[in-house]
Amino acid sequence: MKDKSIGIILGVTTGLLAGYLASTLYMSGKIMPGTVINGADFSMVPRSELNDRLSAMERDAYAITVRDIHKNELTINGADIDLNAEFPVEKIRVQNPLIYPYYMLNPGNYFLEPDSVSFDEEKLKSIINHDLLPAEGSTDAPVDAFLTAYIPGAGYTIAAEEDGDTPDPDKVTAVIEDAITERAVFVDLNEEDCYLTADIRSNDTLLNQRAATLNEALSASITYDFGNQKIILNSDTYYPWLDKQEDGTVTLNDEKVDEYVTELKSSTDTAYTTRSFKTVSGRIINVKGPYGYNISKKKEIEQLKEDILSGLPVEREPVYTTSGCQRSGNEYGNTYLEVDMSNQKVYFIQDGNIVFTSDCVTGNTSRGRGTPTGIFSIMYKAKNVVLRGRDYASPVTYWMPFYNGCGFHDASWRGSFGGSIYRYSGSHGCVNMPIPKAKELYSLVEAGMPVITYY
């Protein structure tokens, strides 16, 4: 009986041992019961399937939210792009199946980060192109900062750049790929500089230098003094004349400057224009001639360009070839020489009063050599001059020319003056006077003094 009991015990023991050994053999190569990895129960999962199971978990759990510049968001799931992860499964220690009860009583809990992740790049690009990137032509392209057109009172200003909302597709794709590789769950495309921006910013050195150079030129002003009026030329008028060079310097458009000076001459010159004149006898006549204000176009252009490029305010008269006595009222003033050729009289008017009178002989009208009529000026005065022509050489003591070889002078060869002598025995065009009168007149006149001749 005792032997029978022993046999039973041995049989049971042998059976249990055989069952235990069979169970350990079954558990060989598997994760022991009670083992938790990344929050999931991996009991009895073959180690060879461990990475695939973990990768599948990562694929199903992973999602990344992408925000665009307008705060719109798109979520891309791991399953959408066939996310695959490689885990360091070797960090899960190999468990001894012979002591699996120990693991059941002392379950393991592990958390593994993948060593790397991969995904289907084509699927990701398709999602980006169709669901994230805007349709072509639906966005605002960047605009570079630029110099504005001239603004009266402000000059040239810099219009700020506009970056718009056009994404850079390659940058967007690269940023999202990097974020997924790093297992990021959120990415802001605007913060990651994924949008095209203007190349020239409002703080651009060259742009600001150009604006400063232009505005420096625009600070110039020229106030033309015409006596009875002033004409102001400032940047509101001349800004279109400025030519910006590639090296940042500023020049002036010669054609524009020429046009302005030409117009200034046309509107202000008095030389060769017709003017009214009240004679000694009280008669009102019209006179025309070279006397008066005549702007030197060439010199005024040069001076004007210099003034503008100086950047300074200037007040001055134009550069004249000839000028009158005054701009207000009669430009010849109230001191001048008057020759009444019908009556063969020379008058010197000083401060509005007749202070000198003389008979004279003017140009021979019968031979077509009449003294020119009009308004002129004494060119200069000289003594002891020989006046020469094609068929004569006449020495004179006092010579006061006023126009084209014609002038006042003494005529010692004449025995009489005045009357109608000029009609048949007049001069070659000069105003002949007795020696004493010529001497007296010589003492009175100065270069530039107006001379008015008429019949």
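The values are calculated or read from the model by the stated rules, or taken from the named source; none is laboratory data. Every value quoted in this text rests on a predicted model; they were computed, and no experiment measured them. Neighbour counts are summed over all protein chains in view; Cβ atoms, including those assigned to glycine, are modelled from backbone coordinates with ideal geometry.
Among the residues of the stretch 397-444, the ones that are β-branched (Val, Ile, Thr) and buried (at least 21 other Cβ atoms within 10 Å of the Cβ) come to 1 in all.
Entry remark, the stretch 294-322: residues being touching a residue at least 60 places away in the same chain (Cβ under 8 Å) and over 29 Å from the mean Cα position of the chain (by Cα) number 3 in total. Regarding the stretch 370-379, can at least one residue be identified that is without any contact (Cβ under 8 Å) to a residue 40 or more places away in the chain and either closer than 23 Å to residue 285 by Cβ or of a type in the set (S, T, N, Q) (or both)? Scanning the stretch 370-379, I find no residue that is without any contact (Cβ under 8 Å) to a residue 40 or more places away in the chain and either closer than 23 Å to residue 285 by Cβ or of a type in the set (S, T, N, Q) (or both), so the answer is no. Pick from the stretch 331-362 the residues that are within 19 Å of residue 440 (Cβ to Cβ) and aromatic (Phe, Trp, Tyr): which of them is nearest to the chain's Cα centre (by Cα)? The extreme case among them is 336.
When the residues of the stretch 286-313 are filtered to those that are assigned to a strand (DSSP E or B) and modelled with pLDDT of 95 or more, which remaining residue is surrounded by the fewest Cβ atoms within 10 Å (Cβ to Cβ)? So, considering only residues that are assigned to a strand (DSSP E or B) and modelled with pLDDT of 95 or more, the one surrounded by the fewest Cβ atoms within 10 Å (Cβ to Cβ) is 286. If you filter the stretch 338-393 down to residues that are of a type in the set (S, T, N, Q) and part of a strand (DSSP E or B), you find that the one that is farthest from residue 411 (Cα to Cα) is 353.
If the condition is being more than 60 Å from the chain's Cα centre (by Cα) and modelled with pLDDT of 95 or more, then the stretch 367-385 contributes 370, 383, 384, 385. Screening residue 423 with (1) over 19 Å from residue 382 (Cβ atoms); (2) in contact with a Phe, Trp or Tyr (Cβ under 6 Å, 6 or more places away or on another chain) gives one miss only, at (2). Scanning the stretch 246-269 for residues that are touching a strand residue (DSSP E or B) at 6+ places or on another chain (Cβ under 8 Å) and farther than 17 Å from residue 299 by Cβ yields 250, 251, 253. Looking only at residues of the stretch 53-110 that are in contact with a Ser or Thr (Cβ under 6 Å, 6 or more places away or on another chain), in a strand (DSSP E or B) and surrounded by 15 or more Cβ atoms within 10 Å (Cβ to Cβ), we find that the one that is modelled with the lowest pLDDT is 85.
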